[in-house]
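Single-structure report; data block below.
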Amino acid sequence: MLRAILWDVDGTLAETERDGHLPAFNRAFAALELPWRWSESRYGELLQVSGGRERLQHDLAMQPAAPADPAERAALIDRIHRLKNEFYAGIVGAGSLPLRGGVSPLMQDCRDAGISMGIATTTSEANVAALLGRQLGPQWRSSFRSVVCAEQAPRKKPDPQVYLRSLALLGLPPAQVLAIEDAPAGAAAARAAGIAALVVRSFYFPDGALPDVIAVGASLGSAADWSPAPQAAPAARIDLSQLQRWHARWRQQAAHPGGAG
Ligand code: XBP
């Protein structure tokens with residue numbers, strides 16, 4: 001039986017990578033008068049590295065204008081990352097980064113049905129609070145039984161740490177939980193914790209193989225373009241009962257791998 005849903009944040013709740021973190025990184029580079037910027041496509045490549053700080057470290061190793069001295073470089077990474085998060089808070093605080101289609105109604109389904117919700121992300125808690133405080137209101141935390149962020153789970157996805165900590169806070173076995181993710185590394189992190197994963201594709205993760213997920217689709221706001229196909233007209237959104245059907249089927253198949261399902 002499905003008892004809780006764990007939400008990834010970046011790319012899943014909102015298009016925060018393209019419309020939040022990327023412009024915030026570029027504003028930080030400009031504010032520090034650094035001679036480079038990241039294009040939309042370059043940022044897509046850099047997203048193979050999980051974590052904003054780790055992403056900077058990776059890129060600065062290839063920037064000829066970055067300081068060669070390791071201590072100076074580490075200090076610069078700290079400054080850029082801090083400034084990036086300030087700009088990010090400004091962008092999401094202005095309200096220009098809405099939740100993706102179908103997210104709010106699915107959250108409401110969960111509240112109505114008494115299904116617990118949690119946040120499972122390796123971005124910082126301040127970034128989550130900035131986004132959800134604006135989109136769900138100042139009481140946003142009361143909607144979530146667990147909130148696990150970079151501070152509690154420093155090991156980035158695909159490491160399962162963030163999901164294992166979430167399970168401990170929820171006090172539930174993985175079989176009763178479903179993770180909603182947008183990226184292969186996130187789905188792999190959930191699976192490594194024994195949690196079923198559903199993937200809703202985002203701007204930066206539009207395709208690619210996703211072994212072992214319960215369903216994959218384009219948007220929670222529409223039943224079109226999902227595999228397996230939902231039991232709903234394409235115009236309808238993905239609701240809680242559909243998640244429960246997929247989850248039950250997946251659990252059944254996991255218990256009887258050779259069966260008709
Ligand atoms: C998302 C990330 C984050 C953000 C930037 O992780 O990789 O690093 O891109 O945020 P998740 P920070 O999929 O776990 O939400 O700069 O705070 O790392």
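The values are calculated or read from the model by the stated rules, or taken from the named source; none is laboratory data. Keep in mind that what you see is a predicted model, and the values were worked out from it rather than measured. All Cβ positions, even for glycine, are placed from backbone atoms using ideal geometry, and neighbour counts span all protein chains on display.
Observations, loosely collected:
Matching residues to (1) within 15 Å of the ligand (Cβ to nearest atom); (2) out of contact with any Ser or Thr (no Cβ under 8 Å at 6 or more places or on another chain); (3) part of a loop (DSSP other than H, G, I, E, B):
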position: T12; (1), (2), (3): yes, no, yes
position: Y43; (1), (2), (3): yes, yes, no
position: R55; (1), (2), (3): yes, yes, no
position: A71; (1), (2), (3): no, yes, no
position: I77; (1), (2), (3): yes, yes, no
position: R111; (1), (2), (3): no, no, no
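- Residue check, S166 crowded, with 19+ Cβ neighbours inside 10 Å, within 30 Å of S124 (Cα to Cα), of a type outside the set (K, R) and in contact (Cβ under 8 Å) with a residue 40 or more places away in the chain: yes
- Restricting attention to region 77-115, the residues that are under 30 Å from A236 (Cβ atoms), buried (at least 19 other Cβ atoms within 10 Å of the Cβ) and small (G, A, S) total 1.
- Taken over region 171-206, the residue count meeting the criterion of being in contact with a Gly (Cβ under 7 Å, 6 or more places away or on another chain), within 12 Å of the ligand (Cβ to nearest atom) and under 17 Å from S219 (Cβ atoms) is 5.
- Residue in region 20-34 that is charged (D, E, K, R), within 16 Å of the ligand (Cβ to nearest atom), touching a Lys or Arg at 6+ places or on another chain (Cβ under 7 Å) and farther than 30 Å from R251 by Cα present: no
- The one condition from (1) hydroxyl-bearing (S, T, Y); (2) part of a loop (DSSP other than H, G, I, E, B); (3) without any contact (Cβ under 8 Å) to a residue 24 or more places away in the chain that S142 does not meet is (2).
- Hits in region 218-259 - residues which are surrounded by 14 or more Cβ atoms within 10 Å (Cβ to Cβ) and touching a Leu at 6+ places or on another chain (Cβ under 8 Å): L220, R237, I238, D239, L240, L243, Q244, W246, H247
- Out of L220, L178, L167, one residue alone is in a strand (DSSP E or B) and modelled with pLDDT of 95 or more. It is L178.
- Pairs linking a residue in region 37-58 that is modelled with pLDDT of 95 or more to a residue that is part of a loop (DSSP other than H, G, I, E, B), with Cβ atoms under 6 Å and 6 or more positions apart or on different chains, are G44/Y204; L47/Y204; R55/V49; H58/V49.
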